[in-house]
1. So which of Arg68, Arg122 ends up being within 20 Å of Leu288 (Cα to Cα), touching a residue at least 40 places away in the same chain (Cβ under 8 Å), open to solvent by 40 Å² or more (accessible area, probe 1.4 Å) and more than 12 Å from the chain's Cα centre (by Cα)?
2. Phe292 - would you say it is farther than 29 Å from Asn86 by Cβ, touching a residue at least 60 places away in the same chain (Cβ under 8 Å) and assigned to a helix (DSSP H, G or I)?
3. Out of all the residues in the stretch 205-220, which are part of a loop (DSSP other than H, G, I, E, B) and farther than 19 Å from Thr138 by Cα?
4. Which strands (runs of 3 or more DSSP E) sit wholly inside the stretch 19-136 and have at least 2 residues that are out of contact with any helix residue (DSSP H, G or I) (no Cβ under 6 Å at 6 or more places or on another chain) and under 17 Å from Pro236 (Cα atoms)?
5. Checking Ser150 against (1) at pLDDT below 95; (2) over 30 Å from Arg291 (Cα atoms); (3) assigned to a loop (DSSP other than H, G, I, E, B), which test does it fail?
6. Can you work out which of the residues in the stretch 8-29 that are without any contact (Cβ under 8 Å) to a residue 60 or more places away in the chain and of a type in the set (Phe, Trp, Tyr) is farthest from Val198 (Cα to Cα)?
7. Can you give me the number of residues within the stretch 179-200 that are assigned to a helix (DSSP H, G or I) and open to solvent by 10 Å² or more (accessible area, probe 1.4 Å)?
8. Evaluate the following for Glu280: is it modelled with pLDDT under 95 and of a type in the set (D, E, K, R)?
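The values are calculated or read from the model by the stated rules, or taken from the named source; none is laboratory data. Not measured: the values here are computed from a predicted model. Backbone-built Cβ (ideal geometry, glycine too); neighbour counts: all protein chains shown. Heavy atoms of the whole protein, side chains included, go into the accessibility calculation; ligands, DNA and RNA do not. Shrake-Rupley method; radii C 1.70, N 1.55, O 1.52, S 1.80 Å.
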Amino acid sequence: MFQPPGFEQRSIITSLGKMVYYTATGSLWQDNGKTDNQETLVFLHGFGGGSSAYEWSKVYPAFAAEYRVIAPDLIGWGKSEHPERNYNIDDYLTTIREFFEQTCTGPVTAIASSLTAAFTIRIAIAHPNLFKSLILFTPAGLSDFGENYSRSIFAQIVSVPLLDRLLYSTGVASSGGIRSFLEQRQFAQANRVYDEIVEAYLQSAQQANAEYAALSFVRGDLCFDLSLYIQQLTTPTAIVWGQKSQFTGPEIGRRLAEQNPQAIRVFQQLEDVGLTPQLELPAVTIGLIKRFLPLLNSQELLVKSH
């Protein structure tokens, strides 16, 4: 996979196997090894064919001089272990929690994307001691407010045995399939997709047994209604929502934010961007994270942005 300069690959063992993560190391970022008192930022990628920590690799180096930065490949994705199983929601609630418990010694800020961001909300509800704040990009359970993604035509097609593997190998784990999806569905502007992004997604999608996690996601096995949980969140949170996110539009995000204004202090719609602003507009994403970090970690009450 693609690894930014000054970062190294490490791993922990979760209940479902090895989880690889990337963290800053060496003299490029560290000032005489002063890392003991640095706050920790954890960057969590979303789900989709070929997803991995690469999704945040254009963003997290910008924080490595000031913060302890860690970015994992979740179980079933990237270079982490790929158990041959049909994944369920508890698999990710458990292994993501285990990752925080093993790599972080105190409350941290989690920066997470899409369905993983929704999982992070549920983990923060159950284990608020793990988190200082949350900065979430398009946090959607994909079955929010009673919508049932698993009943969609595409989810039904991918649920057909043998056909699911064929669709994965031809439509997901291929350079053309990945480029087409990124240009037509994930990004707002196709000209922002370049070769390195396609190759990084392709390498992740072609890992042995990578289809298990991807197909569990596409079938809808990991989806849930976030609106049933979000009112229980107490961790200070900022939400960023791409205005052209094709899977769940910003109106869903606003409805979710309005359910818990005490915890969700910012809702920021981002114009002319799709599901992954961290890849499509990384400099803007960095700027927003830098804006939100001090505000969420203070007692100041924020006004929602539109």
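1. Numbers: Arg122 fails: within 20 Å of Leu288 (Cα to Cα).
One residue alone meets the criteria, Arg68.
2. yes
3. As a first pass, look at the stretch 205-220 and keep what is part of a loop (DSSP other than H, G, I, E, B): 206-209, 220.
Hits for the stretch 205-220 are Gln206, Gln207, Ala208, Asn209.
4. Numbers: elements: 40-44, 68-72, 108-113.
In the stretch 19-136, the matching strands (runs of 3 or more DSSP E) lie at 40-44, 108-113.
5. Among (1) at pLDDT below 95; (2) over 30 Å from Arg291 (Cα atoms); (3) assigned to a loop (DSSP other than H, G, I, E, B), the lone unmet condition for Ser150 is (3).
6. If we take residues in the stretch 8-29 being without any contact (Cβ under 8 Å) to a residue 60 or more places away in the chain and of a type in the set (Phe, Trp, Tyr), then Trp29 is farthest from Val198 (Cα to Cα).
7. Count: 13.
8. no
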